[in-house]
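Here the structure comes first, spelled out in structure tokens, and everything after it is commentary.
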Amino acid sequence: MCREKRQVKHSALKEPRFRRYYPASWCSGLGSWMLRFLLGWNAWALTQSALWVGVVSALMLAPALLLSPYFGVQSDRVNPRHGLMWSMLIHGAIATCGALATYFGMLNLAVLLILATALGSVSAMHSPMRLALVPMLVPREALPSAVGLTAMSFNIARILGPAICAAVIARAGVAWAWMIPVFIFAISGVILNSLGGVGTRQKRTHGSVNSEFVDGLRYVLSMAPLVTILALTSVNGFLGRSFIELLPAVSGRLIAGGPAELAWLTAAAGSGAVLGGLIMSRLKADVRYLFNMSVAAMFFAACLLSNLGWIAQLPSLFILVGLLSLSTTLAGTACQTLAQLIIDPQYHGRVMSLWSMTMMAAPALGAAVHGAIAEWLGFVIAFALAAVVGVLGLAGLYARRRGMADAEPVASVTTNDSR
């Protein structure tokens with residue numbers, strides 16, 4: 001195994017195949033956020049119930065937690081580009097069903113629940129396929145750039161998608177708002193189809209899905225650096241990302257904010273995430289450097305959360321949320337890049353599906369824990385305690401930095417069409 005002595009910055013946009021793929025990433029992210037907005041907005045419009053809005057939101061997440069391991073195995077077996085094309089087809093079908101149900105007056109709560117479950121299920125397929133495809137489009141040294149650019153496009157879509165839907169609903173009606181994602185997903189599918197030959201795998205004998213998933217889990221447990229990365233991802237979710245999930249309640253409690261204040265804070269979170277993705281896209285593929293940066297970013301997030309007691313007005317909370325989103329995005333994308341840099345390619349889909357599950361579950365669990373403590377002691381104390389726990393966890397993980405610095409991939413990620 002050849003050890004790389006020096007890593008240099010390398011833009012993913014210099015790679016022709018990534019440049020061809022990148023618009024598809026923009027389209028899929030934009031269409032997905034539009035669907036999420038439409039499902040949540042229609043849930044509120046139909047029920048006027050925060051409970052049912054929460055149920056719809058949960059259905060867009062829960063299937064991914066259950067199905068990601070299965071699709072992680074599949075992404076190691078099949079051409080992930082084909083998986084993404086099927087994902088775009090199913091996403092488009094969901095949007096088409098929403099448009100038809102709205103046009104014919106058949107959109108009710110039951111239909112919304114079915115569509116939300118379908119979206120959550122196809123998201124479970126989309127994520128591991130995307131994470132498996134990107135390293136096939138760029139050389140190893142361009143992975144931080146590729147991860148940062150996709151994170152940036154995802155978070156810009158997070159802002160633009162709901163804004164576009166709201167404008168279309170106001171001017172043309174809900175049915176047309178459902179139809180726009182159909183065309184967006186179609187464009188993404190056409191672009192993916194044009195990447196002929198990318199993602200082809202060498203044929204090999206496969207075991208059962210369960211046995212291959214267990215094999216992937218054993219591989220992770222045998223790799224101390226991967227365990228450290230998953231632990232760092234959990235800390236990141238428990239700290240900053242859980243705070244972002246609780247923004248509606250935080251705004252109301254800390255600054256007595258209403259919808260307008262929440263909109264400003266959501267924009268701050270989106271802007272910080274976009275900046276974080278942009279910064280990551282310009283970093284070098286150095287394992288030690290990325291590990292240290294992720295720990296430093298999380299430590300900074302803990303410092304921000306320990307100072308909530310000084311927050312009393314919208315401007316100060318706006319700045320805090322933006323900085324917190326920036327730091328958590330840097331930490332999260334660094335962890336994702338670290339995992340992709342050191343994984344043996346034959347385990348890529350399975351390991352990244354575990355990373356995706358951790359990335360989704362940690363903020364949800366953290367939000368539930370912090371919300372419960374906040375009901376008892378208030379947000380200031382709840383997140384001060386979280387900051388202390390987070391710093392202690394980071395100290396323990398930082399002590400394992402030597403093992404992380406020595407981590408090297410079993411096989412370098414390349415842009416070859418087969419592996």
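Which pairs turn up if I take residues in segment 181-200 that are among the hydroxyl-bearing types (Ser, Thr, Tyr) and look for partners that are part of a loop (DSSP other than H, G, I, E, B) with beta carbon separation below 7 Å, at least 6 apart in sequence or on another chain?
Matching pairs, first to second residue: 200/79; 200/417; 200/418.
Does residue 148 satisfy being of a type outside the set (S, T, N, Q), over 19 Å from residue 31 (Cα atoms) and buried (at least 23 other Cβ atoms within 10 Å of the Cβ)?
So residue 148 fits the description; yes.
Do you know which residues across segment 309-338 are touching a residue at least 24 places away in the same chain (Cβ under 8 Å), assigned to a helix (DSSP H, G or I) and surrounded by fewer than 22 Cβ atoms within 10 Å (Cβ to Cβ)?
Hits for segment 309-338 are 309, 314, 318, 319, 322, 323.
Going by the structure shown, is residue 221 surrounded by fewer than 15 Cβ atoms within 10 Å (Cβ to Cβ) and either in a helix (DSSP H, G or I) or touching a residue at least 24 places away in the same chain (Cβ under 8 Å) (or both)?
On the way: surrounded by fewer than 15 Cβ atoms within 10 Å (Cβ to Cβ): yes; either in a helix (DSSP H, G or I) or touching a residue at least 24 places away in the same chain (Cβ under 8 Å) (or both): yes.
Yes; evaluated as a whole, the condition is true for this residue.
Could you please tell me which pairs satisfy a Cβ distance under 6 Å, a separation of 6+ or placement on different chains, a first residue in segment 162-177 that is in the same structural domain as residue 99 (by TED's automatic domain parsing), and a second residue that is outside any helix (DSSP H, G or I)?
none
Report whether or not residue 242 is buried (at least 18 other Cβ atoms within 10 Å of the Cβ), over 22 Å from the mean Cα position of the chain (by Cα) and either closer than 30 Å to residue 75 by Cα or among the polar types (S, T, N, Q) (or both).
no
Determine if segment 115-124 includes at least one residue that is assigned to a loop (DSSP other than H, G, I, E, B), in contact with a Ser or Thr (Cβ under 9 Å, 6 or more places away or on another chain) and not polar (S, T, N, Q).
No, that holds for no residue.
Identify all residues within segment 256-282 that are at pLDDT below 80 and either farther than 15 Å from residue 311 by Cα or of a type in the set (A, V, I, L, M, F, W, C) (or both); write none if there are none.
Result: 256, 258, 259, 260, 262, 263, 264, 265, 266, 267.
Are any of the residues in segment 202-215 aliphatic (A, V, I, L, M) and modelled with pLDDT under 85?
Yes, that holds for at least one residue.
The values are calculated or read from the model by the stated rules, or taken from the named source; none is laboratory data. Treat the numbers as computed from the prediction; the structure is a model and nothing was measured. Every residue, glycine as well, gets a Cβ built from its backbone with ideal geometry; the counts of neighbours run over all protein chains shown.
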